[in-house]
Amino acid sequence: MTGTPVGGGAARQPDGGQLAEAAEQGRICALAARGQRDLQRRAAAYPDLFPSRPFDATLFSSIALAMAFSAPWCTAEELALTNRAVLWGFAVDWQVDHLATSRSEIDLVAKTCLAVADGATVDDPLGRFLADLRDDLAADPAFAGLRGLWRDEIDRTLAAMAREWEWKTGNAPRPTLDGYLDNADNLAATVVNVAHWIHTGSPDSHRHLPRLMTVSDEVQRALRLVNDLGTYQRDREWGDLNAIMLVDDRAEIDRRLATQLDHCRRLLAELRPSCPREADYLSRQLGFTSGFYRLTDFWGTR
């Protein structure tokens, strides 16, 4: 076989810059591959918590890819905890949104998770999975001083998920778009970021953690809109709430997203001088998610 391309003509030599860019992308994908295998091993230890539908291999791969592209400077070992924090968020979302049949069941999920965050040992798959995550976080010296922030963010996430359940089941009036975005903690992005920064951050970034959380909340609102634009059809089929359902014209969501993205860019530019890596992390997270939801979704088949 000759080196001539199938289409004819001389073989074009790749540009050096393209080679370097592709090599870096390949390294990031390898980082994600290691993350996916770790997630699959972790999930296999909790078969009742992570059934193969909808927790399929593609969901594990998508989580690992998202975090590898968001923080490509991290090692696979560093990202293992972050990946598991994301998977915990999916597990809670599944239990609250699709398994719970009453508010009392949701309150029990929240009670269990908060007890674990406070140091308890529980005989519950979701709680034990979170306890493993807590114990790994506790190995970081900074955790003792930052544990309260992590625990509070778990509380906010669980409360936001419960609030959305009330909205979508009709137990409470549906919110305005502003009210819906104020509840964006149900996306479980900031709670993951807090765990990631505690685990991988420097003493300087730890000092800035409250400010990082504030900026992360604004990015989380943008991610909420990106998610909803990409998953509207699936949300209709699964009976989930979506921002598009709260407005008369879908174009309003596009406009609101554009405004929120501009707001996030300004905040990230202001953050970058003091926390450059964390600002890059949030920027890359937002960019990856914006591209990802153009073509697919994290969840597998229900």
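The values are calculated or read from the model by the stated rules, or taken from the named source; none is laboratory data. Fair warning: this is a prediction, and the values are worked out from it, not measured in the lab. When we count neighbours, we look across all protein chains shown, and the Cβ atoms used for this are built from the backbone with ideal geometry, even at glycine.
Descriptive notes on the structure:
- Scanning region 148-181 for residues that are surrounded by 13 or more Cβ atoms within 10 Å (Cβ to Cβ), without any contact (Cβ under 8 Å) to a residue 24 or more places away in the chain and not polar (S, T, N, Q) turns up Asp152, Arg163, Gly179.
- Residue selected from region 116-126 under the condition on the phi < 0 side of the Ramachandran plot and surrounded by fewer than 22 Cβ atoms within 10 Å (Cβ to Cβ), by the criterion nearest to the chain's Cα centre (by Cα): Leu126
- If only residues of region 49-107 that are β-branched (Val, Ile, Thr) and more than 16 Å from the chain's Cα centre (by Cα) are counted, the one that is farthest from Thr200 (Cα to Cα) is Thr101.
- Against the list (1) within 27 Å of Ala44 (Cβ to Cβ); (2) of a type outside the set (A, V, I, L, M); (3) touching a Phe, Trp or Tyr at 6+ places or on another chain (Cβ under 8 Å); (4) not in a helix (DSSP H, G or I), the condition Asp140 fails is (3).
- Selection status of Thr200, polar (S, T, N, Q), in contact (Cβ under 8 Å) with a residue 60 or more places away in the chain, under 24 Å from Asp118 (Cβ atoms) and surrounded by 14 or more Cβ atoms within 10 Å (Cβ to Cβ): yes
Listed here are the residues, each with its yes/no results for (1) modelled with pLDDT under 95; (2) under 30 Å from Leu146 (Cα atoms); (3) out of contact with any Asp or Glu (no Cβ under 6 Å at 6 or more places or on another chain).
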position: Arg255; (1), (2), (3): no, no, yes
position: Ala279; (1), (2), (3): no, yes, yes
position: Thr296; (1), (2), (3): yes, no, yes
position: Arg302; (1), (2), (3): yes, no, yes
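- Taken together, the residues in region 273-289 that are among the small types (Gly, Ala, Ser) and closer than 17 Å to Asp217 by Cβ amount to 2.
- Leu225 vs. criteria touching a residue at least 24 places away in the same chain (Cβ under 8 Å), surrounded by fewer than 20 Cβ atoms within 10 Å (Cβ to Cβ) and closer than 20 Å to Trp167 by Cα: no
- The set of residues from region 92-120 being of a type in the set (D, E, K, R) and assigned to a helix (DSSP H, G or I) comprises Asp93, Asp97, Arg103, Glu105, Asp107, Lys111.
- Boolean, Gly89 is assigned to a helix (DSSP H, G or I) and either at pLDDT below 95 or touching a Leu at 6+ places or on another chain (Cβ under 6 Å) (or both): no
- Residue list for region 258-302, filter: surrounded by 13 or more Cβ atoms within 10 Å (Cβ to Cβ), under 14 Å from the mean Cα position of the chain (by Cα) and part of a helix (DSSP H, G or I): Tyr281, Leu282, Ser283, Arg284, Gln285, Leu286, Phe288, Thr289, Ser290, Phe292
- Residues in region 62-100 that are touching a Cys at 6+ places or on another chain (Cβ under 9 Å) and within 18 Å of Trp150 (Cβ to Cβ) were compared, and the one that is surrounded by the most Cβ atoms within 10 Å (Cβ to Cβ) is Met67.
- Any hit, region 44-53, residues being in a loop (DSSP other than H, G, I, E, B), surrounded by 15 or more Cβ atoms within 10 Å (Cβ to Cβ) and either modelled with pLDDT under 95 or of a type in the set (Phe, Trp, Tyr) (or both): yes
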